[in-house]
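Data first, discussion second: the structure below is written as structure tokens.
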Amino acid sequence: NVEVLHFKMNHIGAAWFTPSLGNSQRAMLFLHGGGYATGSINTAKSLVAKLAVETGINILAINYRLAPEQPFPAALEDAVAAYEYLLQQDYLPQNISIAGSSAGGGLVLATLLYLKDNNLPMPAAAVCLSPWTDLTGSGSSLKTNVVKDPVLIARFMPQWAARYATNQPLSHPYISPLFGNLQGLPPLLLQVGTHEILLDDSVRFAETARNHGVDV
């Protein structure tokens, strides 16, 4: 019950996921996971299609550029360009949401910080599934959940972080949104499992966001 239309948005590979029973006035931008080094529209298509059906929202997914060939800020530039594309398609900011998983979830939050810093209109809300918010690796769950996590392997995280950040500090807010000024962000929904090594990335971000007056 979802039509998938692949197209090129300038240099960015993109796809519209359009549910058969949907609200054409609303749109979601989805950013896939993969440590900023792997992943694509195709690896996330099952999740994105389910989101489209359950929400009744048209979803735009993109293949943002990946490290190490295209490190920071390439992914952020592509995410911002995709959001601006939605505005150019006459979607109102209050009818746009942004969602992402893992590194894509971190990229969602980095995108929000960039939009705020550059006085661009903010989307209505954002959803982050197990977001990677701290590429410095300071969260204790990276150690306490190293055996429990069913997906991620903790020893690879520093490699992915370094290849993405290259010459920029890992604590840069557009790389690790946990360290940004979160005041003024739109309502956020964060979801994470208690056995994940990225558990503290969500817990600490939620605490910081609440302290900055964000609905999270």
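Structural remarks
- Residues (assigned to a strand (DSSP E or B) and either acidic (D, E) or open to solvent by 40 Å² or more (accessible area, probe 1.4 Å) (or both)) located in the stretch 172-189: L189
- Once the stretch 190-212 is narrowed to residues that are assigned to a loop (DSSP other than H, G, I, E, B) and open to solvent by less than 70 Å² (accessible area, probe 1.4 Å), the residue that is farthest from L66 (Cα to Cα) is H212.
- Residues in the stretch 149-171 that are open to solvent by 20 Å² or more (accessible area, probe 1.4 Å) and touching a residue at least 60 places away in the same chain (Cβ under 8 Å) were compared, and the one that is farthest from G35 (Cα to Cα) is Q168.
- L21 being within 22 Å of N118 (Cβ to Cβ), touching a helix residue (DSSP H, G or I) at 6+ places or on another chain (Cβ under 9 Å) and of a type in the set (A, V, I, L, M): no
- Residues satisfying the stated conditions in the stretch 1-50, i.e. touching a Gly at 6+ places or on another chain (Cβ under 7 Å), farther than 28 Å from R163 by Cα and of a type in the set (A, V, I, L, M): L21
- For the stretch 180-216, a residue qualifies if it is closer than 24 Å to P121 by Cβ and in contact with a helix residue (DSSP H, G or I) (Cβ under 8 Å, 6 or more places away or on another chain), and the qualifying residues are G180, N181, L182, G184, L185, P186, L188, L190, F205, T208, V216.
- From Q70, Q88, residue being at pLDDT 95 or above, over 16 Å from the mean Cα position of the chain (by Cα), closer than 21 Å to L170 by Cα and of a type outside the set (S, T, Y): Q70
- When T55, T43 are screened for being over 24 Å from A209 (Cβ atoms) and open to solvent by 10 Å² or more (accessible area, probe 1.4 Å), only T43 passes.
- Any chance A61 is open to solvent by less than 40 Å² (accessible area, probe 1.4 Å) and either touching a Lys or Arg at 6+ places or on another chain (Cβ under 7 Å) or assigned to a helix (DSSP H, G or I) (or both): no
- Residue in the stretch 7-40 that is least open to solvent (accessible area, probe 1.4 Å), counting only those that are assigned to a loop (DSSP other than H, G, I, E, B) and of a type in the set (S, T, Y): Y36
- When N119 is tested against (1) open to solvent by less than 70 Å² (accessible area, probe 1.4 Å); (2) at positive phi, only condition (1) is not met.
The values are calculated or read from the model by the stated rules, or taken from the named source; none is laboratory data. This is a predicted model, so every value here is computed, not measured. Cβ sites come from the backbone with ideal geometry, for glycine too, and all protein chains shown count toward neighbours. Note: accessible area is taken over every heavy atom of the protein model, side chains too, but ligands, DNA and RNA are not part of it. Shrake-Rupley method; radii C 1.70, N 1.55, O 1.52, S 1.80 Å.
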